[in-house]
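Following: one structure in structure tokens, then a few remarks.
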Amino acid sequence: MASREQFATKTGFVFAAAGSAVGLGNVWGFPTITAANGGAAFVLVYLVLAFCLAYPALMAELVIGRYARSNAVTALRKLSRGKYSRWFANLTGFGGVFTVSLILGFYAIVAGWMLAYLLGAVTDLFGLSTAGEWLTGSGRLRDMAFMLIFMVATTVIVTQGISKGIERWSLRLMPALIMILVLLIIYVVFQQGSAEGLRVYLLPDFSQLSPALVLNAMGQAFFSMSLGVGGMLIYGSYLSDEANLPQMGAIVTLVDVGIAFLAGLLIIPAVYVAQTFGAEIFDANGILLSGPDMFFRVLPVLFDSMGAVGPVVAMAFFALMTIAAITSSIAMLEPAVSLATETKAWSRRRATWLIGSLISVLSLAIIARMDVLFGFILALTTKYSQPLLGMMFCIFLGWIWNRNQVLAELRKGQPEMESSLFWKIWPSYVKWVCPVLIFGAFVQKLLIE
């Protein structure tokens, strides 16, 4: 059997894993969900849940992945002890691959919008108004064309493998993403109206706290960190034995949360700046606009108000969004590709293009019935499937996998693991606390909705 490819550097893994987590779920999803859930109170709950639920679940995937050094289905089968746990392994593993493929199906459409708006900003810069109107308008042809362009770019990167594809591009794209994000924040916070946005974003109103807010924060934490679908498990399988997994997981969590926070620090003040130029930023119920309305109705008003510099700022902003999308999409495609190459003996190129094509067909179907399928698949995957699958990974590590084997795996990168505070807390926490909290929140969500 050929040796399994690995990340060449620890920095490469951190940027790749953080890139998987840092996508539209952070730069698009986090600010818009924050806006819809009362601002700073949601931010505070999200930060708590990211470390109390998402980090322990992330560690479960990383440890299982490096131990098994295989795709999610095969990895969980290796941990199984009998017929029933093997059935549970198949349900969790295949469920994760199916879920992340569905997510990529709608994700590629949104990423295509970002790419179209990026090119629209370029055409505005050169005075090509007709082309710009088509690129920033709505229409099935535009959606289909740019979704396909985005999926081709994703597929090309994944065909190149781990070190030459995913790692290399993550090392290029993540620093660019952070630099653009910081520069845009510096620009926006000095504009008129940003102070009100900063107040909403940074000063919590605890009267906004509710079970629905907590559930939304939990779903956002799992979605933005790519948990419950085997993506982090796959990345963990490409780590060397010398890597300190708790440290790597903590760094990835900090980068993900940090960029989500920075994204909100950009988007929410920018929306209030746009209000000073006449943009309607509240809906009929007085709730701050979120989702597509925020990005494609409010922010263009801000860019238009900037005069000659507007297209440049818009180009930087949508370049940021496109980079964030591609760093996540390559991680979403990898679980299915890994499963195909390891169980069907397909070449990486064949598996990647076939699976990428199938997901593109799914995206085309969603575009054809956008009013029905987009919201349904979004809710099915991010609100329900991901948290439940994350719970299943925790159950595997806490209840099915032998505790001594878990410790032995962690000792590879940290020989003194048994005496560490992490080991004294994490195994029991993943075994008892995480499944109970996730399942309790899931049941509460069903009762609320």
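Nothing in this text is a laboratory measurement; each read-out follows from the coordinates by a stated rule. Since we're looking at a predicted model, the values are computed, not measured. Ideal geometry is used to build each Cβ from the backbone, glycine not excepted, and the neighbour counts take in all protein chains shown.
For the stretch 270-377, state which chymotrypsin sites (Phe, Trp or Tyr not before Pro) are in a DSSP loop and have at most 16 other beta carbons lying within 10 Å of their beta carbon.
Answer in residue order: F277, W346.
According to the square roots a ≥ b ≥ c of the eigenvalues of the Cα gyration tensor, what is the shape class of the stretch 136-285, taking rounded for a/c under 1.5, prolate for a/b larger than b/c otherwise, and oblate for the remainder?
Verdict is prolate for the stretch 136-285.
With bins 20 Å wide starting at 0, give me the P(r) of the chain over every alpha carbon pair, in whole percents.
Result returned by the calculation: 26, 58, 15, 0.
For the stretch 382-395, take each phi angle, set θ = phi - 60°, evaluate the Karplus expression 6.51 cos²θ - 1.76 cosθ + 1.60, and give the result in whole Hz per residue in order, putting x for glycine and proline.
7, 8, 10, 5, 4, x, 5, 5, x, 4, 5, 4, 5, 5
Neighbour counts of other C-beta atoms within 10 Å: give me T253, T130, T341 arranged from fewest to most.
Ranking T253, T130, T341 by Cβ neighbours within 10 Å, fewest first, gives T130, T341, T253.
Using each residue's phi in the stretch 426-442, evaluate 6.51 cos²θ - 1.76 cosθ + 1.60 at θ = phi - 60° and report the 3J(HN,Hα) Karplus result to the nearest Hz, with x for Gly and Pro.
4, x, 5, 5, 5, 6, 10, 6, 4, x, 5, 5, 5, 5, x, 5, 5
For L148 and N244, what does the FRET efficiency come to when R0 = 51 Å and r is the distance between their Cβ atoms, rounded to the nearest 0.05?
For L148 and N244, the calculated efficiency is 0.80.
Which one, L245, L24, L407, is farthest towards the positive end of the dipole of the chain when Lys and Arg carry +1 and Asp and Glu -1 on their Cβ?
About the Cα centre, the residue reaching furthest to the positive side is L407.
Using the alpha-carbon centroid of each, what span in Å lies between the stretch 103-140 and the stretch 321-360?
Cα centroid of the stretch 103-140 versus Cα centroid of the stretch 321-360: 24 Å apart.
Roughly how many whole Å is it from the C-alpha centroid of the stretch 145-172 to that of the stretch 402-419?
The distance from the Cα centre of the stretch 145-172 to that of the stretch 402-419 comes to 34 Å.
Give the relative contact order (percent, whole number) for the stretch 10-448; include only Cα pairs under 8 Å separated by 6+ residues.
35
Can you give the Kirkwood hydrodynamic radius for the stretch 50-140, in Å, rounded to one decimal and based on Cα pairs?
Kirkwood radius, the stretch 50-140: 16.7 Å.
Sorted from fewest to most neighbouring beta carbons within 10 Å, what does the list R81, R199, R168 look like?
Fewest-to-most Cβ neighbours within 10 Å comes out as R81, R199, R168.
Give the total of Lys-Lys pairs in the chain with Cα-Cα distances below 20 Å; include a pair only if its members are 8 or more places apart or on different chains.
Lysine pairs meeting both conditions in the chain amount to 7.
Order these by the 10 Å Cβ neighbour count, fewest first: I178, I323, I366.
Ascending number of Cβ neighbours within 10 Å: I178, I366, I323.
How big is the convex hull of the Cα atoms of the stretch 273-407, per residue, in Å³?
Looking at the stretch 273-407, the number lands at 213 Å³ per residue.
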